[in-house]
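The values are calculated or read from the model by the stated rules, or taken from the named source; none is laboratory data. Since we're looking at a predicted model, the values are computed, not measured. Cβ atoms come from the backbone with ideal geometry, glycine included; neighbour counts cover every protein chain shown. Just the protein is used for accessible areas: all its heavy atoms, side chains included, with ligands, DNA and RNA removed. Shrake-Rupley method; radii C 1.70, N 1.55, O 1.52, S 1.80 Å.
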Amino acid sequence: MKTYVVGGAVRDELLGLPVQDRDHVVVGATPEEMVDIGYKPVGQDFPVFLHPQTREEYALARTERKSGRGYKGFTVFASPEVTLEEDLRRRDLTINAMARDESGNLIDPYNGQRDLEAKVLRHVSEAFAEDPVRILRVARFAARFADFNIAPETMELMRGMVNAGEVDELVPERVWQEISRGLMEKRPSRMFLVLRECGALKKLLPEVDKLFGVPQPPEYHPEIDTGLHVMLVLDWAAQQLFSLPVRFAALTHDLGKGATPQELWPKHIGHEAKSVELVRMLSERIRVPADCRDLAIAVARDHGNVHRALELRSGTVVELFERVDAFRRPERFMEFLRACECDFHGRPGYESRPFPEINYLQQALALAQGVDAGEVAKRVDPARIKEAVFQARAEAIAAWRQREG
Ligand code: ATP
Ligand code: MG
């Protein structure tokens, strides 16, 4: 029996990156032998074990063959006769198909190291086409390794898979899992651009795909194209290391612009309400978790008001706070502001332009929070408490505005 470190750990070590988790392949052993020497079986679909001390994953070398549609339709074959090379061959990319043996030798039958040096994402074999999840993985790795290119033949293969209807088989949970991980990478725009290039974006996130080619007014949007704007917004969010909900809100805030009738271009009056509707549909379809969905809805609905914050009446500002639930969830309101900030800075030439609206709304919220609701309640008729608290908050903001000029 021989064990090897494989996959991401070998890749990241060669790249000089910190290794997160170390996966191992075992050649020449049976499940019974693994259990006998103390490994704990954990795999359901194929034989995987946890090391009794390190808790790292050890999988028996296996091959996989397509036996049905979709990513579950696989026949797994594991036996002591399966070689390391055969196991590596079923992997997605050459840079993920390298192994290191116990004495530290690199085993690289598919030239992963060469592709790593040339910064190329290349499929290992034609078997790549058997699993549509791999399209999402490639797009995600493109977002992580932002200076890597996709081999033309791999892009061609992915296009073929999309045309053959392969991505229609992806389960929603898996789509969200990969998209959300890609959103957290260094350059999330690349995931969407890769998915768009192979045609998968149109099938998976048609609402996002539609934004490309939709113009916006050049006086506010030097980049003009809405899809391009959203990509800039996303990458700005990633540069700030903002959270997943902020990044998802950044991705979806302008979805409504894709629904504007062409004769109204480049204006998008009322796109906020359409964005809300589309965010809801998209979130439902790919099972976006509630925290991401709710922040995205708030940002879709109210980002215009944040951009206009300095012109809003103080009562309107308090209404905005109430809609976003800022009094009960101030931390979430910060996330909301962060997403709006990304929208502002995600335009060419706006990257370091000041956006005073953020500070203004934060200070206004602090003043409105400073209103002692209990005190106000004592002074008025019980039926009027809500209204009186609202008034007191608006007045606190108005008085401050007057003082500051
Ligand atoms: P990360 O740093 O994101 O963990 P990784 O390369 O380690 O990246 P994992 O999802 O942990 O990715 O998978 C471990 C290894 O298993 C990969 O390096 C790859 O060799 C293989 N692999 C995982 N998923 C697939 C898949 N859908 N198709 C083919 N190979 C896969
Ligand atoms: Mg890994």
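What residues qualify as long-range amide H neighbours of ASP23, i.e. H under 5 Å apart, gap of 5 or more or another chain, H built at 1.01 Å from N? Hits under the 5 Å cutoff: VAL6, ALA9.
Using only the C-alpha atoms, the convex hull of the stretch 132-204 corresponds to 64 Å³ per residue.
Mean projection of the Cα convex hull over all viewing directions, computed for the stretch 1-120: 8.0 nm². Estimated translational diffusion coefficient (Stokes-Einstein, Kirkwood radius over Cα pairs, 10 °C, 1.306 mPa s) of the stretch 172-321: 101 µm² per second.
Compared with the dominant Cα axis of the chain, that is its longest principal axis, helix 226-239 is turned about 80°.
All Cα-Cα separations within the stretch 271-378 were binned at 5 Å from zero, giving a P(r) of 2, 11, 21, 22, 18, 13, 8, 3, 1, 0, 0, each value a whole percent of the pairs. Normalised by the number of residues in the stretch 132-204, the average gap of Cα pairs under 8 Å and 6 or more apart makes the relative contact order 52 percent. FRET efficiency for the GLU395 to GLU173 pair, using the beta carbon distance and R₀ = 41 Å, is estimated at 0.25. Here the spin labels are modelled as points 7 Å beyond Cα on the Cα-Cβ line, and at LYS267 and LYS186 they lie 4.3 nm apart. For the stretch 38-48, the Karplus equation 6.51 cos²θ - 1.76 cosθ + 1.60, evaluated at θ = phi - 60°, returns couplings of x, 6, 9, x, 10, x, 9, 8, 8, x, 10 Hz by residue, with Gly and Pro reported as x. The stretch 71-136 to the stretch 343-370: how many Å between their Cα centroids? Cα centroid of the stretch 71-136 versus Cα centroid of the stretch 343-370: 47 Å apart. Surface composition of the chain: carbon plus sulfur atoms hold 49% of the accessible area, using a 1.4 angstrom probe and ignoring ligands, DNA and RNA.
Against the main long axis of the alpha-carbon atoms of the chain, helix 290-307 sits at an angle near 40°. Extending 7 Å from the Cα toward the beta-carbon at both LYS66 and GLU311 defines two label points whose distance is 5.5 nm. Taking 19 Å as the limit for the C-alpha separation, the pairs LYS186/LYS210; LYS119/LYS210; LYS2/LYS40 exceed it in the case of LYS186/LYS210; LYS119/LYS210.
Each peptide among 139-145, 372-378 gets the average number of other Cβ atoms lying within 10 Å of its residues, and from highest to lowest they stand as 139-145, 372-378.
Over the chain, dividing the summed -39,500 (n - 2.57) contributions of all DSSP H runs of at least 4 residues by the number of residues returns a 222 nm mean residue ellipticity of -15000 deg cm²/dmol. Using 0.36 nm per residue and subtracting the Cα-Cα separation, the extra length available between THR83 and GLN113 on full extension is 8.8 nm. With only the Cα atoms considered, the chain has a convex hull volume of 189 Å³ per residue.
Judged by the mean number of other Cβ atoms found within 10 Å, the most tightly packed of the peptides 86-99, 356-369 leads the ranking 86-99, 356-369.
The stretch 141-157 and the stretch 283-308 have Cα centres lying 30 Å from one another. When each of the peptides 34-45, 339-350 is scored by how many other beta carbons lie within 10 Å of its residues on average, the order from highest to lowest is 339-350, 34-45. For the chain, the longest principal axis of the alpha carbon atoms and the long axis of helix 172-183 meet at an angle near 80°. Accessible area per residue for the stretch 132-204 is 38 Å², calculated with a 1.4 Å probe on protein heavy atoms, without ligands, DNA or RNA.
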